[in-house]
Each structure stands twice: as C-alpha cells, then as structure tokens.
Amino acid sequence: MSGQQTLEQKITAYIDLGNSRPEVPPELKNNLNPIFELRPYQVEAFGRFVYYMNNKRLRQKPSQLLFHMATGSGKTLIMAGAILYLYTQGYRNFLFFVNSTNIINKTRDNFLNPLSSKYLFSESVAFGDKKVRIREVDNFQAANPEDINIVFSTVQGLHSRLNTPRENSITYDDFADKKTVLISDEAHHINVETKKGRLSKEEQEEVISWEGTVNRIFRATPENLLLEFTATVDFAIPEISAKYSDKHLFDYPLKQFRIDGYSKEVKVLQSDVELIERALQALILSQYRRKVFEKNQKHIKPVLLFKSKTIAESKSFHAEFVEKIRSLKETDILSIRKRADTTLKRCFDYFELSGITLDNLAQELKNDFAEDKCIEVNSKEESEEKQIAVNTLEDEANEYRAVFAVDKLNEGWDVLNLFDIVRLYDTRDAKEGKPGNTTISEAQLIGRGARYCPFQIEPTQPKYQRKYDKDVSNELRVCEELYYHSAYNPKYIQELDTALQEIGIKAKATKEIPLQLKLEFKKSDLYREGLVFLNDQIGYDRAGIFSLPKTITEQTFAVSLRTGAVQTTTIFENSVGRQISTRRKDFYLTDFGLTIARKALSRLEFCRFSNLKSLLPNLSSTREFIASEKYLGKVKVEIEATEEKLAALQPDEKLQIAVEVLMKISESLQSEKIEHQGTQEFKPHSFYEVFKDKTLNIFVKDGGEQEYGVPQSEAKDSVLRIDLSKKHWYVFADNYGTSEEKHFVKFIDKTYDALREKYEQIFLVRNEKHFQLFNFDDGKAMEPDFVLFLMKKEPEIAFHYQVFIEPKGKPWAAKEPWKEQFLKSLEKRHRITVLWKNKKYRVWGMPFFSEEDRREFEDAFNSLLK
C-alpha cells in the first residue's frame with residue numbers, strides 16, 4: 001500500500017502533467033439552480049467524476065467512489081450534479097441514504113421542493129428536447145423510466161424495509177435487473193464493518209445488519225454505483241485507508257476550505273465571569289455585528305447558540321436567561337463595559353459613535369432576545385415546528401436570535417448566520433495532553449458553525465468568501481468571524497486549539513501585520529495629489545451583436561441517422577455480414593422548411609424567443625432567426641445515412657436532425673455566454689483614497705520555507721533580503737510578499753539607477769487588495785501585485801506612467817494565461833478621456849515576471865528605459 005498511488009493521487013498527477021480534465025457538461029450545469037454559481041473546487045469535483053466514468057482503465061465495476069468534502073462545501077450540490085450527469089448515461093433510479101432522519105428531511109426538501117431557498121435544480125429540468133421530472137418513489141418497480149426516481153431512507157430504515165418487506169415497500173427485487181445509483185451522505189457511518197476489531201459489541205451487531213445490506217444492493221449488478229460523501233473520514237485508520245485507496249476520487253478537506261476563504265475565521269473569547277455575564281457579552285457582540293450589517297444595507301440576523309452539558313442544565317440556564325433579559329438594565333451593560341477587552345471595547349466605541357446609549361442598548365437587547373425570540377432544542381423528539389425553525393434561521397420571517405441546546409444540533413445542522421457559540425460549562429476531558437471526545441465534538445460543532453455567511457458590499461467582491469483577510473481593521477471583519485465564548489481556562493483553550501487545527505478550521509499560526517505607508521511618502525506629490533487610473537466592470541453590452549458567432553454560422557454540424565438495417569449471421573461460421581453502405585451529404589438547416597425549424601425550436605427551452613432575444617438583442621422574430629443568413633440561414637449540417645434515406649428524408653428524421661443541431665448550437669451559445677466586460681476607459685482615483693494603511697491577517701503555512709508574511713528585511717532566503725525602510729522608492733515600510741514578489745522588488749532595486757536616468761519620480765506600490773482591474777473581454781477581476789509609478793518632465797508637459805506588474809512563477813502562470821494577455825494588451829487598448837493641460841497619463845502592463853525565466857519581461861521592461 002505504501003508505494004501505491006490512490007485514485008485521487010493518480011488523477012491529480014494526470015492533471016499536474018498539464019492534461020486538462022473534462023469540462024462540466026452543459027446538461028449538468030444548465031439544470032442546476034443558477035443561484036448556486038459553481039465554485040472552482042466543485043468544477044474540479046465534477047471534472048474528476050466525468051473523467052473517471054469515461055476512463056475504462058480506471059473505472060471498476062460496480063463503481064464505488066468517495067468524495068471527501070468539508071462541511072459546508074456543497075456536497076448536496078455535487079450529488080445533484082452527479083444525478084443529472086448519470087441521467088445522460090442511462091441511470092434513472094437513485095437511492096439516497098443517510099444515518100439521520102433530520103438530514104433526510106433537509107435533503108428531500110433540497111431535491112424536491114422548488115419553493116425552498118436551497119432547491120438544487122433549475123426551474124425546469126430538460127435534456128435536449130425532453131423535460132424530466134424529479135420524483136420521490138417508495139420503490140423502483142413501477143417507477144417511470146423517463147423520470148429521475150429517488151428513494152430517500154435512513155440506513156437503518158433501509159435495512160428494516162428490505163429485510164421485513166411490506167406492500168409497496170422497496171425490496172431486493174428492485175435492484176435485481178435495474179442499474180442503480182446509491183448515494184450515501186455522511187458516509188463515515190457505513191464504515192463500521194471496515195473497522196472490525198475496533199468495534200464495541202453494539203457496533204458489531206450493526207455490522208451484521210445495515211452495512212451488509214448496502215453491499216448486497218451495490219453488488220446486485222455490475223453497472224451499479226455507490227457514491228459516498230463525507231466530511232469526516234479517518235484515513236489514519238489503516239483499514240479505512242486501504243479500503244478507499246482506489247475509490248477516493250476527490251479530496252477537499254476543511255483545511256483547504258478555510259485557506260480558500262469559504263469559512264468564517266474562528267476566534268475564542270475567554271472571560272472569567274459568571275455564566276450569565278458571559279452570555280451578555282455574546283449578546284453585545286452579536287448586536288454590534290447586526291448594526292454593522294445594517295449600516296451596509298444587509299438584512300442579516302446574527303444568531304447565537306448557548307451550549308450546555310446536560311438537558312437539565314440547558315433548561316435551567318434558558319429560564320435564567322429569559323428572566324435576566326426581562327429585567328435587563330443600563331447598569332448591567334455598564335458593568336460589562338468597565339471590564340471590556342479589545343473586542344468588546346470595539347463594540348462599545350461603535351455604539352457611542354452611533355449615538356446608541358447604554359440604556360438604548362439594554363432596551364434593544366430586551367426586545368431582540370425576548371422569550372419569543374429564543375428557542376430550546378434539547379430532546380431528540382422535538383416537534384416538527386421546532387425542527388423547521390432551527391433549519392430556517394436565515395429566513396427573514398424567522399425571528400429567533402438565540403438557540404439553547406446540548407448536542408441536538410451537532411450533525412446535519414446547516415445554518416450560515418451562526419456567529420457566536422457560548423459554552424455554558426467548564427470541564428476538560430483531555431488525556432496525556434490530547435483533546436478528549438468532548439473537546440473534539442466541540443471543535444466539530446465550531447467547524448459546522450464556521451460556514452461563511454454570504455454577503456457582498458461591492459458587486460466585484462466574492463459573495464461566498466472572506467473579503468477582509470487583508471484588511472482586518474475593517475469594521476465588516478466581524479461579519480466574517482465566529483466567536484466561541486468560554487471560561488478563562490488556558491489548558492482547555494490549548495486543547496481546543498489543537499482540536500481545531502486537527503480538523504482544519506484553524507491555522508496552526510496566524511500573524512497580524514500592520515501595512516503602513518511611510519510617513520515621508522505621505523508628504524509626496526503622488527500621495528497628496530497623484531492619481532491612480534482604474535477601469536470598471538460593467539454588464540456585457542450585447543447591443544452590437546447582430547448575428548450568431550462565426551464559430552456557429554461557418555461550422556458544419558455532423559449528424560448520423562440510423563440505417564434501420566437488420567441482418568442475421570451464424571456464430572462460429574466464417575461468414576461476414578453484409579456491409580451497410582452509407583454516405584454523407586450536406587444540407588442547409590433551412591432546406592428542411594420553416595415548419596420543421598419552428599417545431600425543433602419549440603422543443604428546446606433554451607431556444608424560446610425570449611431567451612434568444614436576451615442573447616441576440618437585435619433579433620426581431622423567430623422567422624428571422626430561422627431564415628436570415630446572420631443566424632440559422634447559413635448553418636450547414638452533414639448527414640450520414642444510406643443512399644435511400646438521403647434521397648427521401650422523412651419529416652420525423654428532419655425534425656430529429658434539426659433538434660440535434662439546435663442542441664449543439666444551444667450548448668455553444670451557453671458555454672460562450674459572457675455576463676460582464678471590463679471598460680477600456682480608465683478613470684482617475686485619488687492615490688490616497690486607493691492606498692491606505694491596513695492590517696493583514698496572514699496564515700502561516702506548514703513547513704518552513706514560506707516567504708509570504710515574512711518582511712523582506714528578514715527574508716528566510718538571504719539572497720532576497722533588502723532593507724526597504726531606506727529605499728524611498730518603495731512606499732510601504734516593508735514587503736511581505738511571496739519569494740517571486742521579493743525577487744521582483746530586488747530586480748527594481750537593481751534597475752533603479754537606470755530608471756532614475758530617465759524619470760524624475762519612481763515609486764513602487766504593492767497592491768494588497770487595494771484595487772482590482774477587469775479583463776476587457778469577460779470582466780474577470782484581477783489584482784496586479786504591483787504598480788510602478790514613473791514621472792518625467794518635458795519642457796511643457798509632464799508624462800505620468802502607471803505600469804501594472806504581476807510576478808508569477810511558471811507553474812502558476814500556466815494556470816491563468818488570460819491575466820498576462822490582459823496586462824500585455826493594456827498599452828494599446830486602454831483609454832483615458834480626461835485631459836489635463838500640462839500632464840499626460842499612460843497605462844501600461846508587463847508580461848509576468850518570473851525569476852526563473854525573465855527574458856520576455858526584461859525585453860518589455862527595457863522599453864521603459866528607451
């Protein structure tokens with residue numbers, strides 16, 4: 001096992017060699033709910049799945065695959081996409097099973113209820129000209145073979161139904177002659193048998209039951225698939241590691257999820273006070289967060305969780321809390337303010353600046369956390385009404401602010417607006433310095449609560465990722481942090497910290513680095529009066545589109561018709577069957593007539609006139625779309641069929657051909673659809689408004705070679721060291737960039753004297769999320785790492801050059817070639833329409849800087865010296 005590559009490693013190696021994984025099939029992407037924009041790692045997961053399914057060398061039958069994905073990373077969206085793709089591969093029957101009834105109910109809603117805010121599919125699911133229904137069924141015996149049929153069950157319920165069959169219930173016969181896809185959520189629950197020898201007596205009894213049942217179904221036919229999804233699989237157990245070696249398809253652990261910015265940042269607030277005061281501290285922080293959201297026109301209600309050790313303690317504290325809130329006074333808040341740490345002081349400072357007195361705050365808390373806005377969910381048999389309430393805390397109509405619980409919400413609770421967890425006990429169960437089960441369970445709860453609550457202040461910001469890692473002093477930073485409130489207990493906090501690092505939701509080390517402009521630079525003309533020219537992202541202007549792209553109108557689409565031939569040959573004789581003769585012939589789509597074309601268009605949802613008009617705004621009618629040479633009038637189709645068929649194509653054959661060609665055109669239009677573009681006009685912005693002092697939050701990666709986050713004056717590689725505090729051309733006090741970025745700064749230091757001969761002012765500015773540029777063609781955002789400001793004076797005019805530069809090592813450069821193409825196009829394509837009497841501004845971009853090979857960069861850079 002030790003030297004053997006896992007399935008995941010094999011596919012990763014294949015991609016690392018420069019091979020491209022398959023694109024997400026259009027029929028998958030277009031049938032998912034468009035509000036869920038696919039994230040890069042989800043695109044990667046789908047690409048790997050399609051690659052595996054079509055690779056005969058890799059694929060085993062029946063096929064079992066594991067998607068190891070972080071809590072909150074959208075496992076159910078991957079399930080929905082897999083179902084859509086597998087439908088195109090002939091699968092119709094899907095068995096979804098999980099360990100928890102709560103998860104079943106949530107998933108059922110996500111799969112079947114179009115009114116749910118988390119519904120996964122598009123409004124209408126269609127494959128070409130065929131609309132498909134998604135239906136829940138009790139069994140597959142009478143299921144419609146044209147539908148997507150899903151049986152939802154708990155693992156234990158499935159075992160019971162199969163082994164004690166009842167009328168209309170699912171039986172083993174359902175799987176005997178039908179290929180079936182089994183989908184297991186929280187798949188770690190079905191690995192009991194794999195952990196033999198590590199089991200309790202109770203677990204050993206489970207082995208005999210449900211894991212065996214799952215395997216019996218899975219092996220019923222070679223075409224079956226078992227897709228397992230889990231956030232918690234323990235590859236450290238040799239049996240588990242061995243089992244999944246050739247099944248582990250995709251790995252996206254919580255650690256990577258956090259690094260990519262899809263989680264909240266976890267903070268721990270310790271306080272040596274009574275429980276009720278700890279609770280009030282959390283309320284004040286929560287109310288501050290709500291105020292910050294409201295200030296930025298975001299209607300997001302922050303929720304708190306009060307976690308107790310036992311149900312009795314939870315009920316008791318809930319009663320105490322209700323009574324305290326009912327009688328809350330200004331003096332209670334004042335008492336907390338007197339002992340406020342940095343975090344709480346920030347809250348009180350904000351209230352004061354906003355004119356909110358302590359009495360106002362007390363009244364607000366009494367209203368927002370009144371008894372009817374608190375909910376207790378302690379018993380496993382809570383009412384359906386309570387279950388709905390705690391699973392819809394994000395809905396505007398849901399007014400609950402506080403949840404009181406023990407461990408009812410540990411698994412399957414999917415809430416994004418949880419920002420505070422208050423621990424109402426002070427116990428430890430560590431052994432030999434290692435976190436105990438309680439601490440690990442608490443860390444897992446924090447991991448679930450740390451899912452990012454999506455919001456966007458600027459339209460160019462990512463909605464589902466952290467935005468303020470490079471500006472932690474921004475008041476909105478608190479809106480992407482989860483606070484865990486506990487008693488002052490350093491040993492426990494250390495154990496919790498270890499547990500959080502182990503599950504990946506917390507970095508082993510972080511650094512907050514003040515990024516400050518030099519005081520002497522703030523006196524310069526560039527800082528006080530200088531301009532930074534930036535372009536904007538705007539909606540793609542389709543007004544100038546008067547035809548289909550040439551890639552469609554000048555393409556010949558190939559379609560093969562079935563010959564319809566039937567012949568008999570004898571096995572074991574050397575007779576060869578008669579060869580069926582076919583030939584190819586070109587037609588124009590319009591040769592089939594207006595009626596056929598209209599009928600074909602009506603079968604495809606994408607080809608509704610309203611949708612075509614949104615893509616082709618100058619299109620006047622369906623007739624024009626069919627007949628005009630600017631649209632379908634010139635589209636050719638090459639048909640392969642028998643001589644007889646080609647001589648006399650039947651109406652149904654013409655319709656089949658037209659639908660097939662229109663499907664290909666639709667897919668092409670969808671894949672090329674552009675929503676945004678970057679303006680060619682660059683507008684001026686005051687330098688001091690773009691570049692400000694800020695504080696960076698740096699994650700220190702594992703291993704000791706990381707240069708990012710290390711000042712260049714103390715670079716780990718001595719070759720990169722330079723004291724930038726003494727270089728007046730570098731505007732910040734130091735450079736905390738990557739090794740490639742530090743190499744570039746060294747390059748500027750080396751060429752400074754040559755630049756000085758040509759220019760009177762030279763300033764290099766590092767861009768730490770201070771600004772973005774937008775690709776002209778599709779509006780994609782990029783943040784060039786540096787901008788070099790150069791100024792030279794002629795007798796009557798001053799020339800100001802603004803040069804955008806991106807250092808990027810070769811492996812990274814190959815992944816984003818569009819960025820380099822955009823930078824290289826800036827000189828010719830940018831426009832500055834504002835004119836100054838005695839100043840001229842120019843915007844340039846350079847090829848990527850790579851220390852390994854910088855010939856192209858140096859050639860372009862030398863043009864600045866001419």
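Every number in this text was worked out from the coordinates using simple rules, so none of it is lab data. Not measured: the values here are computed from a predicted model. Don't worry about glycine lacking a Cβ; one is built from the backbone with ideal geometry, like all the others, and counts go over all protein chains shown.
Measuring from a point 7 Å past the Cα of I311 along Cα-to-C-beta, which residues in region 421-452 have an amide N at less than 13 Å? Within reach of a label on I311, which here means backbone N under 13 Å from a point 7 Å along Cα→Cβ, region 421-452 contributes nothing.
Sorting the segments 660-668, 622-630 by their residues' average number of neighbouring beta-carbon atoms within 10 angstrom, most packed first, yields 660-668, 622-630. Placing dummy labels 7 Å off each Cα toward the beta-carbon, the span from A319 to E37 is 5.1 nm. Measuring r between the beta carbons of W812 and V719 and using R0 = 30 Å, the FRET efficiency lands at 0.90.
Please figure out what share of the DSSP beta bridges in the chain is antiparallel and state it in percent, rounded to the nearest 5. If I count the DSSP bridges inside the chain, around 40 percent turn out antiparallel.
Listed by chain and number, the aspartates and glutamates placed with their C-alpha closer than 19 angstrom to that of K840 are D525, E529, E681, E760, E794, E796, E827; residues fewer than eight positions away on the same chain are left out.
Compute the Cα gyration tensor for region 50-117, then decide on rounded, prolate or oblate, letting a ≥ b ≥ c be the square roots of its eigenvalues: rounded whenever a/c is under 1.5, prolate when a/b is larger than b/c in the other cases, and oblate in all that remain. Cα axes put region 50-117 in the prolate bin. At an R0 of 41 angstrom, the distance between the Cβ atoms of E629 and R855 translates into a FRET efficiency of 0.30.
Straight-line reach from K634: taking Cα to Cα under 22 Å and skipping same-chain neighbours fewer than 8 places apart, the lysines in range are K550, K585, K599, K613, K654, K664, K673. The calculated FRET efficiency for T88 paired with S671, based on their beta-carbon distance and R0 = 22 Å, is about 0.85.
Length gained on full extension, D429 to N55: 129.8 nm, using 0.36 nm per residue less the C-alpha separation. When the helices of the chain are scored as -39500 (n - 2.57) per DSSP H run of n ≥ 4 and the total is divided over every residue, the value at 222 nm lands at -10000 deg cm²/dmol. Annotation for region 444-492 versus region 587-635: alpha-carbon center distance of 49 Å.
Straight Cα distances below 26 angstrom link K329 to the lysines K291, K295, K301, K307, K315, K338, K345, K366, K373, with same-chain residues fewer than 8 positions distant left out. Structure note, pairs K298/K511; K267/K434; K523/K819; K750/K792: Cα-Cα distances above 27 angstrom occur for K298/K511; K523/K819. Rg/Rh for region 302-421 stands at 1.00; both radii use Cα atoms, and Rh follows the Kirkwood definition.
Here the 3J(HN,Hα) profile of region 48-61, calculated from phi with Karplus coefficients 6.51, -1.76 and 1.60 at θ = phi - 60°, is 5, 5, 5, 4, 4, 4, 9, 9, 5, 6, 8, 6, 9, 10 Hz, Gly and Pro shown as x. Spin-label model, K636/E167: points 7 Å from Cα along the beta carbon direction are separated by 6.5 nm. Relative intensity of the chain on a log10 scale, I(q)/I(0) at q = 0.08 Å⁻¹, equals -0.94, per a Debye sum over C-alpha point scatterers of equal strength in the absence of solvent. Is the shape of region 32-158 best called rounded, prolate or oblate, per the rule: a/c under 1.5 gives rounded, else a/b larger than b/c gives prolate, else oblate, with a ≥ b ≥ c the square roots of the Cα gyration tensor eigenvalues? It comes out rounded by the Cα gyration axes.
Quick check: Cα centre of region 96-174 to Cα centre of region 13-81, how many Å? Each part's Cα centre sits 21 Å from the other's.
Residues of region 346-366 with an amide N closer than 20 Å to a point placed 7 Å from the Cα of E330 along the Cα-to-Cβ direction: 347-366.
Determine which residues of region 140-169 fall in the zone a paramagnetic label at N105 would reach in this model, i.e. backbone nitrogen under 15 Å from the point 7 Å along Cα→Cβ. Under 15 Å, as judged by backbone N against the label point of N105, lie 153-154 of region 140-169. Note the full-extension length gain between E475 and A126 as 0.36 nm times their separation in residues minus their Cα-Cα distance, in nm to one decimal. Computed gain between E475 and A126 is 121.1 nm.
Taking 0.36 nm per residue of sequence separation and removing the Cα-Cα distance, the E385/R608 pair yields an extension gain of 76.1 nm. Judged by the gyration tensor of its Cα atoms, with axes a ≥ b ≥ c, region 788-859 is prolate; a/c meets the 1.5 cut and a/b is the larger of a/b and b/c. When the listed pairs K742/K824; K742/K866; K431/K491 are checked against a 19 Å cut-off, the alpha-carbon distance exceeds it for K742/K824; K742/K866. Placing a pseudo-label 7 Å from each Cα along the Cα-to-Cβ vector at E689 and R337 gives an inter-label distance of 3.5 nm. Phi-derived couplings, Karplus 6.51 cos²θ - 1.76 cosθ + 1.60 at θ = phi - 60°, listed residue by residue for region 771-786: 8, 10, 10, 10, 3, 4, 6, 10, x, 4, 8, 9, 10, x, 5, 9 Hz, with x used for Gly and Pro. Converting phi to 3J(HN,Hα) with the Karplus coefficients 6.51, -1.76 and 1.60 and the offset θ = phi - 60°, region 637-650 yields 10, 9, 9, 9, 6, 6, 3, 5, 5, 4, 6, 8, 5, 7 Hz in sequence order, with x at every glycine or proline.
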